[in-house]
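K.L.:
Dropping a structure here in structure tokens format, bear with me for questions.
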Amino acid sequence: MKKVIVLGGTGFVGRSVCEKLVGHGHRVTVATRDSSRAKPLLHLHGLAVREFDVHDESALTGELRGFDAVVNLIAILHGDRAAFEHTHVALPGKIARACRQAGSGTLVHVSALGVDGMNPGAAPSNYLRSKGFGERALRTGVEQSGIALTMLRPSVIFGAGDKFLTMFALLQKMLPVMPLAGAEARFQPVWVEDVALAVLRSLDANPGGPAPLESTRIIEACGPDVFALRELVQLSAQLSGVRKGRGRPVVGLPDWAARMQAQLMEWLPGDPLMSRDNLDSMKVDNVATGKVPGLESLDIKPASLRPIAAQYLQRKLATT
């Protein structure tokens, strides 16, 4: 059993991670700036909530004291360059320094597939560049510290409550046709429960005591199947039963039209469904490179998308 603090535990991935950790006997604390967001987690036996600003390095260091392990799930998909650097670069650096000062022995960080940690500046989008520089900040921050660092790089994550397949299914329920930017971009979707299990296995891989120096692992968290975005959109309709599984016609947009559509979406209130930076990210295939270990290295057999997505998409559209 470990004392684990989860940063970003109130989000889609965070809820599954917290459930998995509590279910395996770990004592879990969720850090959040707004404790009301943790209400869906309060049924988990023994889970605690601490309200503070994780971006305040002094407060962060103080709050990490007494914890054996730290899990960082904090990330954004949309924003300007400054927002990405604030969340994906500056924060991981603060977390690494805070772990060193607080004496935490294990740090698990969820990054992203498509990141080049050795040459992050070459990535095509603010999202991927900031994720890469964030990995570098973590490596630098824990160097020679004895902290066991695992960086998980998931492809797009699916599961009940996701904003990916569910969004495409709902759009096809409403729209007569699906104009699609980045239709041929490739993804290797991974189940949220497999990502949560990877976090758990990464923690358990360092049972206690000082880690070897320079002990950093990178793991690509991907499912077993590769899809073009067009195929995923069509599959979301098929599995959810839109037009008896036929879905809507999918029209791939040329780059100029895709960028115009994304820019229009950026102007709408709330988080956009698509941004120009998202399009830039899709210039890199979101599939495993095979250059680093996959989920199998953690003794995880990744689940196929179809049977799992069919269950939650049918339930969602039946109640919408």
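The values are calculated or read from the model by the stated rules, or taken from the named source; none is laboratory data. These figures come from a predicted structure and were not determined experimentally. Quick reminder, even Gly has a Cβ in these numbers, built from the backbone with ideal geometry, and neighbours come from all protein chains shown.
K.L.:
Using beta carbons and a limit of 7 Å, which pairs, at least six apart or on different chains, have the first residue in segment 274-288 and in contact (Cβ under 8 Å) with a residue 40 or more places away in the chain and the second one among the hydroxyl-bearing types (S, T, Y) and assigned to a helix (DSSP H, G or I)?
P.N.:
Note: pairs meeting the criteria are D277/Y127; S281/Y127.
K.L.:
A further question on this structure: Kindly establish whether G8 is exposed (fewer than 14 other Cβ atoms within 10 Å of the Cβ) and of a type outside the set (D, E, K, R). Walk me through it before giving the result.
P.N.:
Working: exposed (fewer than 14 other Cβ atoms within 10 Å of the Cβ): no; of a type outside the set (D, E, K, R): yes.
Here the answer is no, as G8 does not meet what is asked.
K.L.:
If we keep just the residues of segment 238-276 that are hydrophobic (A, V, I, L, M, F, W, C), at pLDDT below 95 and in a loop (DSSP other than H, G, I, E, B), which is farthest from the chain's Cα centre (by Cα)?
P.N.:
L268
K.L.:
Can you tell me which condition G114 does not meet? The list is (1) free of Cβ contacts under 8 Å to residues at least 24 places away in the same chain; (2) surrounded by 20 or more Cβ atoms within 10 Å (Cβ to Cβ); (3) in a loop (DSSP other than H, G, I, E, B), and all the others hold.
P.N.:
All conditions are met except number (1).
K.L.:
Shifting gears a bit: For L60, work out the one condition from (1) of a type outside the set (F, W, Y); (2) out of contact with any strand residue (DSSP E or B) (no Cβ under 7 Å at 6 or more places or on another chain); (3) within 18 Å of E143 (Cβ to Cβ); (4) crowded, with 17+ Cβ neighbours inside 10 Å it doesn't fulfil.
P.N.:
Among (1) of a type outside the set (F, W, Y); (2) out of contact with any strand residue (DSSP E or B) (no Cβ under 7 Å at 6 or more places or on another chain); (3) within 18 Å of E143 (Cβ to Cβ); (4) crowded, with 17+ Cβ neighbours inside 10 Å, the lone unmet condition for L60 is (3).
K.L.:
Taking only segment 22-37 into account, find how many residues are within 28 Å of H86 (Cα to Cα) and touching a helix residue (DSSP H, G or I) at 6+ places or on another chain (Cβ under 9 Å).
P.N.:
The initial filter retains those residues of segment 22-37 that are within 28 Å of H86 (Cα to Cα), namely 28-37.
Checking the rest, the ones that are also touching a helix residue (DSSP H, G or I) at 6+ places or on another chain (Cβ under 9 Å) come to 28-32.
The total comes to 5.
K.L.:
Given the residues F187, F158, which is the only one that is more than 27 Å from W256 (Cβ to Cβ), modelled with pLDDT of 95 or more and either of a type in the set (F, W, Y) or touching a strand residue (DSSP E or B) at 6+ places or on another chain (Cβ under 8 Å) (or both)?
P.N.:
Working: F187 fails: more than 27 Å from W256 (Cβ to Cβ).
The unique qualifying residue is F158.
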